[in-house]
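Structure record follows, encoded as structure tokens.
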Amino acid sequence: MQQDILVNWSPQETRVAIVESGAVQELHVERTLERGLVGNVYLGKVARVLPGMQSAFIDIGLERAAFLHVADVWQRQPDGEPPAAVRGTAAQQVPIEKQVFEGQALMVQVIKDPIGTKGARLSTQISIAGRLLVFLPQDDHVGVSQKIPSDQRDALRRRLNKLVGEAGGGFILRTNGEDASDAELAEDIAYLRKTWARIRESATRVPPPALLHQDLNLLQRVLRDLVTDQTTAIRIDSREQFALLQAFGQEFMPAAAAKLQLYKGERPIFDLYSVDDEIAKALGRRVELKSGGYLIVDQTEALTTIDVNTGGYVGSRNFDETIFKTNLEAAQAIARQLRLRNLGGIIIVDFIDMQREDHREAVLAEFRKQLARDRVKTMSGGFSQLGLVEMTRKRTRESLAHLLCEPCPLCQGKGTVRTPRTVAYDILREILREARQFNPREYRVIAAPKVIELFLDEESQHLAGLSDFIGKPISLQAESAMGQEQYDIVLL
């Protein structure tokens, strides 16, 4: 499937949209003052070791200390095996308290950006991504991407072993290096080793905490990570950035650079495919399906839930077919929404209940087929006894909603506010409490207009009764700047 990559650049923000068949599939946003940290290498200082959690907090110079788990502490493995951190297991790990100590200077790499209240997640295994290869300087393992067909991997591994030679260091061939020449691979190897030498040299000169190496910016990562064989064009709307990216691409990624195009149209580039409209939709809870059904997407700290509903869809002759077709369409839409919103972690999908086993299998097969298009690692199970599908999607950076939005100052992220009547009754109780402790001349209630209107109309009798009971006058003042739940009781 052919795709276009659209780049909208401004001094404060870079936005990238991946478009396939006229539909936006992925969005990437990087702000100059909020650039992501994944891939950055730091010289950190161990701030605290927690044996009970088998983890440590590392000061790398950020607002919050970063987190290092024992499974992400690199250890050399026997017989040339990949390190435990690469295999994703903590088996045979030495306890963390025997590997690091408070005050120790430690070279670490960010593998997950800070998300919400959680600090960045770190690894002590350094990996440096190049155009064709990933360099693992602490290891000697030579591997090939799992996305390359298995019948080609052995030959590619032998080629790579010859090029690596006796100089050491581990390398993994990336998918886009499958057809690279020996000269191109050798050039990437030399570039990565030079980068590593610069990082090591910096680590001997600066005190912790310090940034030793910063990963490429979003514009450069477009060429390195987002361009595929299906990419027909990379359209960028800034002449200056086009020139810089073209020079960078011609030096390191000539095949990708050949797809660069300078957009000169009068309309903003994101207007061509209604990208801003898609961003607005991706920040909402409800996603409309073409059939008339819809999804409800709720994102919480622990997990994301997606509920599928038929809505107004009545297109099939029987109810089972209606449900089946809605679920099939939802499977495609959900996979796209995961990419578009960059949702990660645990995800629970509640498809509409299906009676027929063949329908369930077809929906699950379609869902997994759509997930396979994701460049981010996903894992999904089958239908549970409750009819839910549980899955995970690797989370390395904040979701689109967390990046572009903040909690509502009125509801503090709850999504609801107390009704004016509830607030009014809170005020009456508060005045009664105050009357038992203080003896002012008058009580003045300052609250939102809707609350004051209620006191002047439907709740006026209750307010007058309270005033008689405490023997003090109660005056009212509307304040339009106040939220519905906010109020002040002033003692005069």
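So in the stretch 247-356, what percent of DSSP beta bridges are antiparallel if you round to the nearest 5? Within the stretch 247-356, antiparallel bridges account for around 65 percent of the total. For Cα pairs less than 8 Å apart in space and 6+ apart in sequence, what is the mean separation divided by the residue count of the stretch 387-492, i.e. the relative contact order in percent? It comes to 35 percent, rounded to a whole number. Exposure check, 1.4 Å probe, all protein chains in place: Glu390 carries approximately 110 Å² of accessible surface.
On the basis of the beta-carbon distance and an R0 of 45 Å, Glu458 and Ser380 show a calculated FRET efficiency of 0.30. Ranking Trp9, Trp196 by solvent-accessible area of protein heavy atoms (1.4 Å probe, all protein chains present), from largest to smallest, gives Trp9, Trp196.
Summary value for the stretch 280-410: 23 percent relative contact order, contacts being C-alpha pairs under 8 angstrom separated by 6+ residues.
Peptides 117-130, 258-271 ranked from most to least packed give 117-130, 258-271, packing being the mean of other C-beta atoms within 10 angstrom over each peptide's residues.
In this calculation the C-beta distance from Lys290 to Glu34 is compared with R0 = 30 Å, giving a FRET efficiency of 0.30. Entry note, the chain: the mean residue ellipticity at 222 nm calculated from DSSP H runs of n ≥ 4, each adding -39500 (n - 2.57), is -9500 deg cm²/dmol after division by the residues and rounding to the nearest 500. The residues of the stretch 306-450 have, on average, 55 Å² of accessible surface per residue, using a 1.4 Å probe with all protein chains present. Rounded to the nearest 20, the Cβ-based charge dipole of the chain about its Cα centre (Lys and Arg +1, Asp and Glu -1) stands at 980 debye.
Computed with every protein chain present, the accessible area of Val134 is close to 30 Å² [probe 1.4 Å].
Among the lysines of the stretch 269-402, pairs that are 8 or more positions apart or on different chains and have alpha carbons within less than 19 Å of each other number 6.
Extension gain, Asp350-Leu410: 0.36 nm per intervening residue step, less the Cα-Cα distance, totals 18.6 nm. Of the residues Ser384, Ser150, ranked by 1.4 Å probe accessible area with the largest first, the sequence reads Ser150, Ser384.
Coupling constants for the stretch 11-28 follow from the phi torsions by the Karplus curve (6.51 cos²θ - 1.76 cosθ + 1.60, θ = phi - 60°), and in residue order they are x, 9, 7, 10, 10, 10, 10, 9, 10, 10, 6, x, 10, 6, 9, 9, 10, 10 Hz; glycine and proline get x. In this simple spin-label approximation, Thr392 and Lys264 carry label points 7 Å from Cα along the Cα→Cβ vector, and these lie 5.1 nm apart. Solvent-accessible area assigned to carbon and sulfur over the chain amounts to 50 percent, based on a 1.4 Å probe.
In the chain, Cα pairs under 8 Å separated by at least six residues give a relative contact order of 12 percent.
Against the criterion of solvent-accessible heavy-atom surface with a 1.4 angstrom probe, Met53, Met482 sort, most first, into Met53, Met482.
The values are calculated or read from the model by the stated rules, or taken from the named source; none is laboratory data. In this text the structure is predicted, and so the values were computed from the model without any measurement. No Cβ is skipped: glycine too gets one built from the backbone with ideal geometry, and neighbour counts run over all protein chains shown. Note: accessible area is taken over every heavy atom of the protein model, side chains too, but ligands, DNA and RNA are not part of it. Shrake-Rupley method; radii C 1.70, N 1.55, O 1.52, S 1.80 Å.
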